[in-house]
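**Student:** Have a look at the structure that comes next, please.
The values are calculated or read from the model by the stated rules, or taken from the named source; none is laboratory data. What you see is a predicted model; the values in this text were computed from it and never measured. Every residue, glycine as well, gets a Cβ built from its backbone with ideal geometry; the counts of neighbours run over all protein chains shown. To get the accessible areas, we keep the full protein, side chains included, count just its heavy atoms, and leave off ligands, DNA and RNA. Shrake-Rupley method; radii C 1.70, N 1.55, O 1.52, S 1.80 Å.
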Amino acid sequence: MIQQQTRLKVADNSGAKEIMCIRVLGGSFRRDGSIGDVIVASVKSATPGSAVKKGDVVKAVIVRMRKQKRRPDGSYIRFDDNAAVLINEEKMPKGTRIFGPVARELREKSFMKIVSLAPEVL
């Protein structure tokens with residue numbers, strides 16, 4: 001349940017620390033996004049001297065979400081925080097490292113590079 005104005009931690013080393021969701025992509029009436037959905041976001045805080053600056057508008061994919069998500073086998077997955085990874089136009093991550101676990105739903109949404117860089121896939 002990531003919607004407009006939701007703040008997310010950035011789970012990569014692109015330079016951004018926190019982003020705020022502007023829009024969930026995928027339809028004009030789309031209100032909220034889940035794990036694996038692409039969002040347009042504004043950078044709210046960034047490390048000094050990084051490629052990404054505060055105020056930049058970026059695209060990101062949601063990798064962790066506090067709201068539980070039901071899986072087809074009936075189980076639920078839930079994380080401690082809301083987190084996203086910044087991506088470029090080719091759906092490749094901007095950073096070279098991913099921090100923290102990511103959900104395996106990213107594999108079905110064809111974000112294989114993020115899955116391979118992640119230390120743990122739940």
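**Student:** Quick check, is residue 118 under 18 Å from residue 32 (Cβ atoms), open to solvent by less than 20 Å² (accessible area, probe 1.4 Å) and aliphatic (A, V, I, L, M)?
**Tutor:** no
**Student:** If you scan the stretch 49-89, which residues turn out to be of a type in the set (A, V, I, L, M, F, W, C) and over 15 Å from residue 108 (Cβ atoms)?
**Tutor:** Scanning the stretch 49-89 gives 51, 52, 57, 58, 60, 65, 79, 83, 84, 85, 86, 87.
**Student:** Among the residues of the stretch 11-18, is there at least one that is over 17 Å from residue 96 (Cα atoms) and modelled with pLDDT of 95 or more?
**Tutor:** yes
**Student:** Regarding the stretch 39-49, can at least one residue be identified that is part of a strand (DSSP E or B), among the hydrophobic types (A, V, I, L, M, F, W, C) and in contact with a helix residue (DSSP H, G or I) (Cβ under 8 Å, 6 or more places away or on another chain)?
**Tutor:** Looking through the stretch 39-49, none of the residues is part of a strand (DSSP E or B), among the hydrophobic types (A, V, I, L, M, F, W, C) and in contact with a helix residue (DSSP H, G or I) (Cβ under 8 Å, 6 or more places away or on another chain).
**Student:** Here are the criteria: (1) closer than 14 Å to residue 41 by Cα; (2) buried (at least 21 other Cβ atoms within 10 Å of the Cβ). Tell me which single one residue 64 does not satisfy.
**Tutor:** Among (1) closer than 14 Å to residue 41 by Cα; (2) buried (at least 21 other Cβ atoms within 10 Å of the Cβ), the lone unmet condition for residue 64 is (1).
**Student:** If you check residue 39 against the conditions, is it farther than 20 Å from residue 1 by Cα and open to solvent by less than 30 Å² (accessible area, probe 1.4 Å)?
**Tutor:** When the stated conditions are applied, residue 39 does not pass them.
**Student:** Surrounded by 13 or more Cβ atoms within 10 Å (Cβ to Cβ), out of contact with any Cys (no Cβ under 6 Å at 6 or more places or on another chain), farther than 15 Å from residue 86 by Cβ and not basic (Lys, Arg) - does that describe any residue in the stretch 7-14?
**Tutor:** no
**Student:** Next question. Regarding residue 95, is this residue open to solvent by 30 Å² or more (accessible area, probe 1.4 Å), assigned to a loop (DSSP other than H, G, I, E, B) and not β-branched (Val, Ile, Thr)? Full working, then the answer.
**Tutor:** On the way: open to solvent by 30 Å² or more (accessible area, probe 1.4 Å): no; assigned to a loop (DSSP other than H, G, I, E, B): yes; not β-branched (Val, Ile, Thr): yes.
Here the answer is no, as residue 95 does not meet what is asked.
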